[in-house]
Amino acid sequence: MADIAAQTTQGDADVMAESLEFRGKTGEFFGIWIVNVFLTIITLGIYSAWAKVRTNRYFYGNIYYKNSAFEYTADPIKILKGRLLIFGLYAIFYVSLELLFNPLIAGIIFIFALIMMPWLINRSIKFRLHNTKHRNIRFVHHAHSGKYYLFYLLHGLLYVVSLGFSYGYSLSEFKKLLFDNSSYGSTDFRYNGKPDGIYWQLIKTAGFTILLFIIVMIFVLIISTILAPLFADGAPNVDTDSKEAIKKGAIFILIGIYLAYFVILIVGKAAYDAFVGNYVWESVSLEQTRFKSTLKATTLAWIYGTNVLAVIFSLGLFTPWARVRITRYKCKNFAISCPDISSFIAASQEDTTAIGEEAEDFFDIDIGF
Amino acid sequence: MKVFGEYFDGKSSLAHPVEITIIDDYVVMIAGEGISIKTTLDDIYISSRVGNTPRLIKLQEDAVIHVSDNDALDEAISGFWHISTSAHKLESRRSIVIISIAIMLISVLYFIFDGSDKVAKMLAYNLPSVVEKKIGTKAFEYIDEEMLEPSKLKKERQKEISALFAKFDGAKEYTLHFRRGIGINAFALPSGDIVITDELIEFSEGNNDMIFGVLAHEIGHVKRKHSMQMIIKASMVGILVGYFTGDVSTLATTLMSSVVQAKYSREFEREADAFAKETMKKSGVDPKNLALFFEKMSKKEPTHTETGYFDSHPANQERIDALLAP
């Protein structure tokens, strides 16, 4: 059977790239989301595992490639178990440190968590890939935890020694670890990116962010110089009134700086996602299949920024709209060229536990894939 | 009823268009080019509906049929198949969605304004005393180091007030500390550490019954577990925010600050006043002395901001009246 896959993928290299299609609708997802929030509240968080599964099923099931939707197959019970375990550990940590002032127990838990971290990250990647299917073929991650321990030990050390400058190299090596140990069915992914490529993308990210920072700062400065005198109405002489005016102007500038900080965070993330993300996907292959990510830093920054504002000012009610909107944009800008979608072969593999995935969820470690 | 779908055998990614016919509970026919399967509803699994995403009919050995036409499938299996479509029914009905929003907002508001008080009260009364002791001791050490100065009161006067304090029921559970530096003030911590300032003692102008009343009031706060309730409430909000946002770093800081910035509610003040009144009566001290203290406090210059902990003690007529009532 494996030969068939090898033979049929020997097609022409220049296959038309086709974008992912997202068929989700805000109104439809709003219903799912609000019921999730509601049931999660009244079950004191227990339903959150089911909520997560339904949300992921909705998004995966609405992403189509060549008219076939992706599938999310995780079992909510597994997610709940993982969630409870992590929550329990955290509760013991919190109570022993903050309420009982017992740093010994807290320290033991902290060290335990630190030691378990590479294992958890590995398991969470395995879990996530294992539970993703396309055309009834599972994705697989088959790296042993040992590789992750080695990675974090080595690159952690390197990071400290090089004062952080090894970040690009480590990122490149991590993507290699991730992709070279993953496959779609029995077909292996390959990462062909180079560290210098990543460094170049990081420089572009920094440049773009700094440029926008300067623009925003100039904007804030102009606005404050225009608006600050308005606070000083009728106070031409240096007296208590103008002191008050200066104070108000200073407050205004302070608000401007916070605003700039917010803008920078979002622009930085958008630039990183666009530059680094595009490069990484361009460097990935799946036998004859190639990927093309065409995210634009400016568009992404605009979507991220307006999404955050919409969610905040709607007290969260615009969350479904924001999620559908960003997913639609990302899908539209992700193309795959695959000579023959019908000839991939499944792999066999063991089940994974949800502990890792939940650990990641709770502590919010960002593992970009 | 016929439903169309795409059959995947689970071994390769090749799709086979098939036609599914459900005849009754026991006969389900699946037919397509080179495929002819006869099965029963007991041997297959149909996934629940999520929005309009394709449904999966799981057959034996990893084989799956993707069905895009959700309505046709629902109609075909209605009457035969009792799968849980309840979540989808909730999610797709407008009225239920609107009710969800309303209930959600109401429950959040209820929790913020009332429910959290009840939960905090229940927890505070059931917490092991070791926890109270530890929190109180830590908080006292912190406040003592950061804000308080040693008392300059004469030793005789300190002894006199300590003797006064010893008159309380179970006075051994409490430790009285003399300090200065935070204005006219007195406060009590869950550990039983009670602080009284030189300024307050001077302010009483030798009226020991007044000091007795103030101390009784503070012991009332401890007895009714007021500060514990507030600590629990503060950490509950922290935990909730942490749970939903995934950020748990703010949690640790809320605790200490809530002890230090404790401001009691009117409800708590009323309870502490009632306790003080009863204790004073039992010890043969006229409760009017405490009322006198509140009156005296309210007559002080309103611009005086050094009163610190008493900011949250609105010395209003209502409280004075309650103390004077027989």
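Relative contact order of the stretch A:26-183: what whole-number percent is it, with Cα pairs under 8 angstrom and at least 6 residues apart?
16
How many Å² of accessible area per residue for the stretch A:87-140, probe 1.4 Å?
Value for the stretch A:87-140: 44 Å² per residue.
For a quick protection proxy, order the peptides A:152-164, A:263-275, A:211-223, B:184-196 by their average other-Cβ count within 10 Å, most packed first.
Highest-to-lowest ranking by the protection proxy: B:184-196, A:263-275, A:211-223, A:152-164.
List the trypsin sites (Lys or Arg not before Pro) within the stretch A:128-169 that DSSP assigns to loop and that have no more than 11 neighbouring Cβ atoms inside 10 Å.
Taking the stretch A:128-169 and a limit of 11 other Cβ atoms within 10 Å, no loop trypsin sites (Lys or Arg not before Pro) are found.
Students often check this: by mean Cβ neighbours within 10 Å, which of B:45-53, A:48-56 ranks highest, and how do the rest follow?
Averaged packing, sorted descending, gives the order A:48-56, B:45-53.
When the accessible area of each residue in the stretch A:33-58 is compared between its chain alone and the complete protein assembly (1.4 Å probe; ligands, DNA and RNA ignored), which residues differ by at least 30 Å², being lower in the assembly?
A:34, A:35, A:38, A:41, A:54, A:57
What's the buried accessible area, both sides, between B and A using a 1.4 Å probe, rounded to 100 Å²?
3800
DSSP loop trypsin sites (Lys or Arg not before Pro) in the stretch B:154-207 with at most 11 other Cβ atoms within 10 Å of their Cβ, which ones?
Those that pass, being in a loop and sparsely packed, are B:154.
Write out the chymotrypsin sites (Phe, Trp or Tyr not before Pro) in the stretch A:52-121 meeting two conditions: DSSP loop, and at most 16 other Cβ atoms within 10 Å of their Cβ.
Sites meeting the loop and neighbour criteria: A:101.
Per residue, what accessible area does the stretch B:135-184 have, given a 1.4 Å probe and all protein chains present, in Å²?
On a per-residue basis, 62 Å².
Apply the Karplus parameterisation 6.51 cos²θ - 1.76 cosθ + 1.60, with θ equal to phi minus 60°, to every residue of the stretch A:59-64 and state each ³J(HN,Hα) to the nearest whole Hz, in sequence, with x for glycine and proline.
Listing the rounded values in order: 6, 4, x, 9, 9, 10 Hz.
Does the stretch B:130-175 come out rounded, prolate or oblate by the C-alpha gyration tensor, with a ≥ b ≥ c the root eigenvalues, rounded set by a/c under 1.5 and, if not, prolate when a/b is larger than b/c and oblate if not?
Cα axes put the stretch B:130-175 in the oblate bin.
Using a 1.4 Å probe over the heavy atoms of the protein chains, calculate the carbon and sulfur portion of the accessible area of the stretch A:276-334 as a whole percent.
Ligands and nucleic acids excluded, carbon and sulfur reach 67 percent.
Is there a simple number for the mean count of other chain Cβ atoms within 10 Å of the Cβ of residues in B:90-97, and what is it?
Rounded to a whole number, the mean comes out at 5.
The values are calculated or read from the model by the stated rules, or taken from the named source; none is laboratory data. Being a predicted model, the structure only gives us computed values, none of them experimental. Positions of Cβ are backbone-derived with ideal geometry, glycine not excepted, and every protein chain shown enters the neighbour counts. Each accessible area value is taken on the protein alone, full model and side chains, heavy atoms only, with ligands, DNA and RNA left out. Shrake-Rupley method; radii C 1.70, N 1.55, O 1.52, S 1.80 Å.
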